[in-house]
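The values are calculated or read from the model by the stated rules, or taken from the named source; none is laboratory data. Computed from a prediction, not measured in an experiment: that's the story for all the values here. Cβ coordinates were reconstructed from backbone atoms using ideal geometry, including for glycine residues, and neighbour counts include every protein chain displayed.
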């Protein structure tokens, strides 16, 4: 019996069905791309074959100059996320903790939040110059809003009884914030950081494509203006992969999985 | 007024100086329908080591009283004193156990129980050791590194009790601590609480709407009236100690339950009629 049981019990499938579907989607898109590239329906330069893009990607990854630009952009995004994250979180905690402040300020946050931040770029150039300063500023104002709003919402969702427990043990304000409010808000805050990272990347890269002489955004727009399409696609692929990686990393650091189990 | 005079002839469990004095508490709330008096001239004492239960129908102001004694509500008339010291805000001598799920889901059992010690600034090694002692007391040894989500509701409530005991309060103040649990778990946890109380000689004040629970655990039971919440009667429970949940089948137990239900029935019916009238008004 035990023997048959072992035979019947399926060894955990090596690949989950959903993974197969995901891989199939990628394969399909790549095949579709290649078919269009070879059909000659569109300009060969606009839709280059995969082999050409692959070669451009290898060439790009071999350039030392590329890593210098990547470093500039990564640094800008990291600083933007740091500054925007800390201020967004602080403002969110204040708004979540005070009904008066929330009612006074939140309407503005809700209206400014979805406004395309690129319209502030000229101002940022005047304030912070054409260098990385104005790119960081764009990243900051992009990620500040989702972080502040999700922190404020997270603060309000905290189970009131947990706050009572803290008060009954006579926790001071600092202990309440660090030991109760922030841990209780971890899931919405990590979510806010993820959204913030996304818009910080958008804000920074967009600013770089508008006016700059450094960074990945600059490389992309440079490749475009010299009509080097394979290189431009190679750069886009790199940005995709790095964004997904950063997003996954933040999710893991925040222990989102652990919260889900709780 | 006859009601309050009954309370004056209260039997006292012990003659020692009371450790908790609740003196003439009055608390009203402003609501859209006018002023509602939740607690109306409530006074009682708790002697050291005594187990007092406060019982009343829903809406009698029990929870308000709980929050006042715990120092979480201000703006009331009267005085609460612990060991002669007037309570203003949360007090180190009063440990609260809440009705709701109150364990921190992001902390393990031992981290939960060590929380009050952490707030008090105790060194880590020392507070972990102390927390383990109280985890053992509530019978959760072996679960120290588990998260609350991995435990049952009854186990989580024991974590909450251990956490409050870890702060070594003079008075353990509990508001419907087993309210969310099933009857059998509740009886067994009652035994646990009795054993702990016996071992620590812990003074306890239990707020409840459950007659069985009150009689099972308490030395005296204070019956409250429905809105406004006044003292209707203080009933001494003459059951021997140490007790176990087996006494629920004894005659003496039945008599105490019947006596309290006699008082409570009238109040609970008033509460029910009041609720029905409110609903009828809202529907019309």
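Does residue B:74 fit the bill of being free of Cβ contacts under 8 Å to residues at least 24 places away in the same chain and either assigned to a loop (DSSP other than H, G, I, E, B) or touching a helix residue (DSSP H, G or I) at 6+ places or on another chain (Cβ under 6 Å) (or both)? The answer is yes for residue B:74. Among the residues of region A:183-192, some residue qualifies, meaning at least one is out of contact with any strand residue (DSSP E or B) (no Cβ under 8 Å at 6 or more places or on another chain), free of Cβ contacts under 8 Å to residues at least 24 places away in the same chain and within 14 Å of chain B (Cβ to nearest Cβ). For region A:199-257, a residue qualifies if it is more than 18 Å from the chain's Cα centre (by Cα) and outside any helix (DSSP H, G or I), and the qualifying residues are A:211, A:212, A:213, A:214, A:226, A:227, A:228. The condition of being loosely packed, with under 13 Cβ neighbours inside 10 Å, under 23 Å from the mean Cα position of the chain (by Cα) and assigned to a helix (DSSP H, G or I) holds for only one of A:61, A:70, A:57, A:89, that being A:61. Within region B:157-193, can you find the residues that are farther than 17 Å from residue B:95 by Cβ, touching a residue at least 40 places away in the same chain (Cβ under 8 Å) and crowded, with 20+ Cβ neighbours inside 10 Å? Passing the criteria: only B:190. Here is the figure for region B:114-142: residues that are crowded, with 19+ Cβ neighbours inside 10 Å and not in a helix (DSSP H, G or I) total 3.
In the condition set (1) modelled with pLDDT under 90; (2) assigned to a helix (DSSP H, G or I), residue B:195 is compliant with all but (1).
The set of residues in region B:45-62 that are out of contact with any helix residue (DSSP H, G or I) (no Cβ under 7 Å at 6 or more places or on another chain), surrounded by fewer than 20 Cβ atoms within 10 Å (Cβ to Cβ) and under 21 Å from residue B:216 (Cβ atoms) comprises B:47, B:49. Step by step: first the residues of region B:79-94, then only those that are in contact (Cβ under 8 Å) with a residue 60 or more places away in the chain and part of a strand (DSSP E or B), then the one that is nearest to the other protein chains (Cβ to nearest Cβ). Which residue is that? So the residue we want is B:94. Given the criterion surrounded by 17 or more Cβ atoms within 10 Å (Cβ to Cβ), modelled with pLDDT of 95 or more and within 14 Å of chain A (Cβ to nearest Cβ), identify the matching residue among B:110, B:97. One residue alone meets the criteria, B:97.
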